[in-house]
Each structure stands twice: as structure tokens, then as C-alpha cells.
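Here's the structure, in C-alpha cells; my notes come after.
The values are calculated or read from the model by the stated rules, or taken from the named source; none is laboratory data. Please read all numbers here as calculations on a predicted model, not as lab measurements. Neighbour counts are summed over all protein chains in view; Cβ atoms, including those assigned to glycine, are modelled from backbone coordinates with ideal geometry.
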Amino acid sequence: MLLITEADHTQAQCRLNTQLENATPVFNWNKTIVTLGNVEYVSVRSVTRCAGGVVQIERIPDKAGTVTDVNVASGLYLSVAVVNSSPLTYTALVAKLGSREPVANFAGMYSTAKSSSRVLKESFTYLDSRPGRISPDGRYVSVDGSMQCTPEAYPGVWDLKRKQKVVRENGCESLFTSY
């Protein structure tokens, strides 16, 4: 059973269609998705609507890393995977739902076309307290949750439409506000 308390203190609860072992529900950055494990998630909307008393658990593909954000409307997910244990560094994947193919090629983004040494060289630190995010319109991604858009920010914020890193001095918070 998944119980969600809204900002107005109303509650919605729904039974999951599959029982998960050791599931730890965690909201994504804008509380539209609840991650349940490495690849499992449910949308908050599906829980609040709870058709038939059961909500369908969705999944990103196996071997795509740990899901950190999903933009259902844009059909995209963001996942991270450990590259090195000392120091602990990660690589990211932004792909269409159901796929493991990256939607673009950025430094810090995993691709089978990159060598292991290049993936390691491009890896970055990641903190659960500052989760990665996809903008509400699906255009921008901050894989490490940082809103820094200076030229030296790494990995920075990515513009998926233009397929380039965003560079602006005022930060990138405004790119991630709801529209």
C-alpha cells in the first residue's frame, strides 16, 4: 500500500499491483514521481486517482542505473549509476521511457559508444540530498541537481533540445519552475 499526503494534508492511498521487497519510497525533486527501488516508480497522479484501487508500478529498463526522475509527459527518465567507489562517482543516463539509448551526448552522460576510461573521466559526484531533475517541459536536465550554469559548472545543466550545455550567469533555477 502506498500512502501519499498532499500539501493541503489530504491523503491518497493505493495498493501497488506488485509487491516489492525492500522498497523505499522516495519523492523525486518536484514530488510528481515516487521511486520505489532501482528501476521502479509510480506517478503521484496515478496514486491520487487510484483507478480500481490498484496502481501500476512502472519501470525503467534493467541495467539503466537507478532512476532519479521521470517526466511522464515528455517520456523521459534520468538515472545514475556508480562508476567508481573511491572516490564515489557516477554517470548519468537520460533516455526515452523503455529505452537505454541516451537522447544526447554530454560529458557525464553514459553511452555504450564511450570507452570505460572516458566514462570514468567524465564521472561526477552525486548527493541524494540534491537529486537530479528533468524540467517540467522536458527540455532541461540537471543530472546532479545543481542549478549552476556557469561555464565551469560540471556536469552542469543540459539543454536536450539544442543538445548543448546551458551557460548563463544567473543560474538555472528558472528553467525548472513549473509552467
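Observations
- Apart from one condition, LYS163 fits all of (1) under 13 Å from GLY108 (Cα atoms); (2) more than 17 Å from the chain's Cα centre (by Cα); (3) of a type outside the set (S, T, N, Q); the exception is (1).
- Hits in the range 1-17 (condition: without any contact (Cβ under 8 Å) to a residue 40 or more places away in the chain and touching a strand residue (DSSP E or B) at 6+ places or on another chain (Cβ under 8 Å)): MET1, LEU3, THR5, GLN11, ALA12, GLN13
- The number of residues in the range 126-136 being closer than 14 Å to ALA81 by Cα and at pLDDT 95 or above comes to 1.
- Criterion: hydroxyl-bearing (Ser, Thr, Tyr), exposed (fewer than 13 other Cβ atoms within 10 Å of the Cβ) and closer than 25 Å to SER43 by Cβ - qualifying residue of SER174, SER117, SER135, SER142: SER174
- Annotation: SER46 fulfils all but one of (1) of a type in the set (Gly, Ala, Ser); (2) touching a residue at least 12 places away in the same chain (Cβ under 8 Å); (3) surrounded by fewer than 18 Cβ atoms within 10 Å (Cβ to Cβ); (4) not assigned by TED's automatic domain parsing to the domain that holds GLY145; the unmet one is (3).
- Test result for VAL67, closer than 25 Å to SER135 by Cβ, touching a Ser or Thr at 6+ places or on another chain (Cβ under 6 Å) and touching a residue at least 12 places away in the same chain (Cβ under 8 Å): yes
- The residues of the range 11-62 that are basic (Lys, Arg) and in a loop (DSSP other than H, G, I, E, B) amount to a single one, LYS31.
- VAL55 being of a type in the set (A, V, I, L, M), in the same structural domain as THR24 (by TED's automatic domain parsing) and at pLDDT below 95: yes
- Filtered residues of the range 53-110 (kept if on the phi > 0 side of the Ramachandran plot and either surrounded by fewer than 16 Cβ atoms within 10 Å (Cβ to Cβ) or over 11 Å from the mean Cα position of the chain (by Cα) (or both)): GLY53, LYS63, GLY75, GLY98, GLY108
- Verdict on ALA92 being touching a Ser or Thr at 6+ places or on another chain (Cβ under 8 Å) and modelled with pLDDT of 95 or more: yes
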